[in-house]
1. Is there a residue in the range 25-32 that is in a loop (DSSP other than H, G, I, E, B), out of contact with any helix residue (DSSP H, G or I) (no Cβ under 9 Å at 6 or more places or on another chain) and surrounded by 13 or more Cβ atoms within 10 Å (Cβ to Cβ)?
2. Which pairs turn up if I take residues in the range 63-87 that are closer than 25 Å to residue 40 by Cβ and look for partners that are part of a loop (DSSP other than H, G, I, E, B) and modelled with pLDDT under 90 with beta carbon separation below 7 Å, at least 6 apart in sequence or on another chain?
3. Restricting the search to the range 36-60, which residues are under 11 Å from the mean Cα position of the chain (by Cα) and in a loop (DSSP other than H, G, I, E, B)?
4. Have a look at 58, 43, 66, 12 and point out the one that is surrounded by 14 or more Cβ atoms within 10 Å (Cβ to Cβ) and under 30 Å from residue 121 (Cα atoms).
5. Would you mind stating whether residue 70 is modelled with pLDDT of 90 or more and under 16 Å from the mean Cα position of the chain (by Cα)?
6. All but one of (1) over 30 Å from residue 120 (Cα atoms); (2) touching a helix residue (DSSP H, G or I) at 6+ places or on another chain (Cβ under 8 Å); (3) at pLDDT below 90; (4) part of a helix (DSSP H, G or I) hold for residue 81, so report the exception by its number.
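The values are calculated or read from the model by the stated rules, or taken from the named source; none is laboratory data. The structure presented is a predicted model; accordingly, all values stated were derived computationally and were not measured. Don't worry about glycine lacking a Cβ; one is built from the backbone with ideal geometry, like all the others, and counts go over all protein chains shown.
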């Protein structure tokens with residue numbers, strides 16, 4: 001898996017969770033869905049989650065599944081906690097939004113970074 005695929009997959013999963021997850025909703029401005037906010041949120045979280053492996057590689061730090069898992073967990077759940085506190089077009093309305101949204105996004109982010117690590121570790 002290359003970086004662009006990883007970024008696209010992380011973006012799509014965050015965008016999908018924003019749209020269908022219980023407890024996460026997109027705010028409306030005069031009965032029109034705020035499309036820009038959820039795309040921006042998805043791009044930011046997707047970028048950070050997709051960049052974990054490359055950050056470790058650039059810093060020449062030893063990489064392990066535990067490190068990848070912890071960092072992606074922090075990024076994923078922090079993003080949903082932040083929009084629960086400070087909504088900006090996407091907001092979390094109950095704890096299930098943080099739990100389900102953070103968990104699904106974390107699992108995909110961990111998987112994509114793990115596959116990146118395994119791919120570049122073989123080369």
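1. If we filter the range 25-32 for residues that are in a loop (DSSP other than H, G, I, E, B), which is where we start, we get 27, 30-31.
From what is left, the residues that are out of contact with any helix residue (DSSP H, G or I) (no Cβ under 9 Å at 6 or more places or on another chain) are 30-31.
Adding the requirement that they be surrounded by 13 or more Cβ atoms within 10 Å (Cβ to Cβ) leaves none.
No, because not a single residue in the range 25-32 is in a loop (DSSP other than H, G, I, E, B), out of contact with any helix residue (DSSP H, G or I) (no Cβ under 9 Å at 6 or more places or on another chain) and surrounded by 13 or more Cβ atoms within 10 Å (Cβ to Cβ).
2. Short answer, once both residue conditions are applied: 87/27.
3. 51
4. 43
5. Spelling it out, residue 70 is indeed modelled with pLDDT of 90 or more and under 16 Å from the mean Cα position of the chain (by Cα).
6. All conditions are met except number (3).
Yes or no, residue by residue, for (1) under 11 Å from the mean Cα position of the chain (by Cα); (2) surrounded by 20 or more Cβ atoms within 10 Å (Cβ to Cβ); (3) closer than 21 Å to residue 37 by Cα; (4) modelled with pLDDT under 95:
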| position | (1), (2), (3), (4) |
| --- | --- |
| 85 | no, no, yes, yes |
| 92 | no, yes, yes, yes |
| 97 | no, yes, yes, yes |
| 100 | no, no, yes, yes |
| 119 | no, no, no, yes |
| 122 | no, no, no, yes |
